Each structure stands twice: as structure tokens, then as C-alpha cells.
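Q: I'd like to ask some things about the structure below.
All of the numbers you see were taken from the coordinates with simple rules; none came from a lab. All values reported here derive from a predicted model rather than from experimental measurement. Neighbour counts are summed over all protein chains in view; Cβ atoms, including those assigned to glycine, are modelled from backbone coordinates with ideal geometry.
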Amino acid sequence: MKQVFLIVVMGLLGIFTVTKKADAIVDEVPILVESESMGPDELIEEKKLNITEMENEKSTYRLEEVLEKQEVGKWNGLNTMKKIVRLAIERGVSTNMIVLLLLLPAVATLVSFLHYVLGLRGYGIFTPTMVAVTFLNTGIGGGLLLFASILLISLFSRLVTKKLRLHFWPGRSMNLLFISLGTFFLMMVSSFLGLFDISKISIFPVLFMIMLAEDFVRTQLVKSKKEAKRLTIGTLILSIFGAIIMNIRLVQELSLLYPEMVILFVLVINLWVGNYGGMRLIEIGRFKKAIRN
């Protein structure tokens, strides 16, 4: 009887083990079937997506890892901003947003310096700063392509509305319709070409580029085409400078690790530029004959 009992127990254990293995195999079968049903191109795309996700995770955590390596210590008054930055991150604010907010006044300071000291002119200080943020989102090449397309569409729609002899606001509304349809078409085409893919950008870069195109058209009407070209080119140059500065990884890390230094830099440079009384460097060649030795 004992031998029969042991044989029955062993048999039940064997059946239980085989059943478990069969369930595991059955659970794995859909994955295997799914992977076998996928073509080689789909498998390659899936691997690319996985690699892209891993790279994105590494890039998003890089700034946080740099921040974790820095020892702040106890509060002593001088490390107030560092404590605030860490508190904001603990409360869910992203490091990219903190870096962007810290660098925005720095880029505006750069625009102010290039305007008053070097002599580059643009549409104020707000437009070049916002277009610089747009270039961060789209890339400089994609941003220039987006602006050129919006500007051409805006000029074309102005010719159409001028022939229709509409009031100003209805004409501007039709202009926005042409710009929206043209931008949508450009996004669709860029997604196929892959050279400058702007199909995944948000609405804000498009709005900033529309604002710049509107400034160009308005300057043409109020002043002249030459002045509009000069201000637009100056705005793009200032924006490219700002985008290059903000895109430097070392600048991003320093602004996150030493936010008080960014604030001090902005204050000192603006106090100096605000009291600058010298001649702009571009104007030296223009007034060279009138300058005394």
C-alpha cells in the first residue's frame, strides 16, 4: 500500500509539474507567434523604438544624476537657490523646465548685450528669446524652414486678401487659415522626408514663428521692406545665438548646479549694459570718419 501511495503521489507531482510547464509554454506562445508574425522591417522598427526609449530615459535622467552628485549640505543662506531647486524637483517639477526658466533671462541678457554693445537689431527682446526656445524644440534647420514657410504663406495670403479688399481683421483671419493649412502640409511632408522632421512639435513654436512673420509684414507696411528684412535677419541671428547657448550641456548643468551664479550673472551684465555709453561695434565702421583719435 505504501508503494502504491508513493507512486500515486509521485504521479500527481509529475502531472502538476508538467501542467505548470505547459502553462508557461502556452503563456509564451502568443509572444512567439506575435514575433514570428512580424516582418523583419517591423522587428527592426521595434528595436529602434526600444533603443530610442532607452536613450530618452538616459537623457532625461542625466541632469538629475548630475544634481544628485552635488552635496549641498545644511542651509547657510548662500545655498538657498540650490535648496529651492531640489525642493521643486521633489515636488514634481522637471529638471528641463527648471533649466529653461533659469536660462531664459540669461538668453534675454545675451540679446540685450548683442544689441547695445555689438549693434545687432531685432524685434525687441521678447521675440528673439522665444524664437530661441523654438529653435531648441525644432532644431535650427527645422526652425528656419518653418519660419520661411510661414513667411512665404503669409506674404501670399496678403496678396490674396489685398485683391479681395477685406477689412484688416478678416484679412488677418484668412491669413491665419492659410498659415495653419500650410504648416499642417509642411509637417506631413517633413514626416516623410525625415531631413527636418517638425511633425511632432507643439503649437507654441508655430505661434512664435507666426508672430515673427506678422512682425515682418507689419514692418513692411509701416516702414519699408529693407527695414523689415534687417530686423528679421537680426532677430534670427540673435535667436540662433540664444539657442546655441541654451543647447550646450555644460551651460545646462552649471545653471542647475549653481542657479545663484546665473542670477548674479544676469544682474551684473544687465547693470553694466544698462549703463553702457560707448559706441556699438557695428557703427564704428559707419562713423569711422567722424570719430576723433
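Q: Just to be sure, is Ile245 among the aliphatic types (A, V, I, L, M), surrounded by fewer than 17 Cβ atoms within 10 Å (Cβ to Cβ), at negative phi and touching a Leu at 6+ places or on another chain (Cβ under 8 Å)?
A: yes
Q: Any idea which residue in the range 179-223 is surrounded by the fewest Cβ atoms within 10 Å (Cβ to Cβ), counting only those that are outside any helix (DSSP H, G or I) and of a type outside the set (A, V, I, L, M, F, W, C)?
A: Filtering the range 179-223 for residues that are outside any helix (DSSP H, G or I) and of a type outside the set (A, V, I, L, M, F, W, C), the one surrounded by the fewest Cβ atoms within 10 Å (Cβ to Cβ) comes out as Gly194.
Q: Can I ask one more? Determine, yes or no, whether Leu176 is over 19 Å from the mean Cα position of the chain (by Cα), farther than 30 Å from Met279 by Cα and not in a helix (DSSP H, G or I).
A: It is false that Leu176 is over 19 Å from the mean Cα position of the chain (by Cα), farther than 30 Å from Met279 by Cα and not in a helix (DSSP H, G or I).
Q: If you don't mind, another one. Are any residues in the range 92-121 under 17 Å from Glu260 (Cα atoms) and either in contact with a strand residue (DSSP E or B) (Cβ under 6 Å, 6 or more places away or on another chain) or without any contact (Cβ under 8 Å) to a residue 12 or more places away in the chain (or both), and if so, which ones?
A: Met97, Leu101
Q: Give me the residue from the range 224-236 that is assigned to a helix (DSSP H, G or I) and of a type in the set (Ser, Thr, Tyr) and, out of that set, farthest from Leu152 (Cα to Cα).
A: Filtering the range 224-236 for residues that are assigned to a helix (DSSP H, G or I) and of a type in the set (Ser, Thr, Tyr), the one farthest from Leu152 (Cα to Cα) comes out as Thr235.
Q: Let me ask something else about it. Could you check the range 69-83 and list, in sequence order, the residues that are closer than 15 Å to Leu254 by Cβ and either free of Cβ contacts under 8 Å to residues at least 60 places away in the same chain or part of a loop (DSSP other than H, G, I, E, B) (or both)?
A: Lys69, Gln70 - these are the residues of the range 69-83 that are closer than 15 Å to Leu254 by Cβ and either free of Cβ contacts under 8 Å to residues at least 60 places away in the same chain or part of a loop (DSSP other than H, G, I, E, B) (or both).
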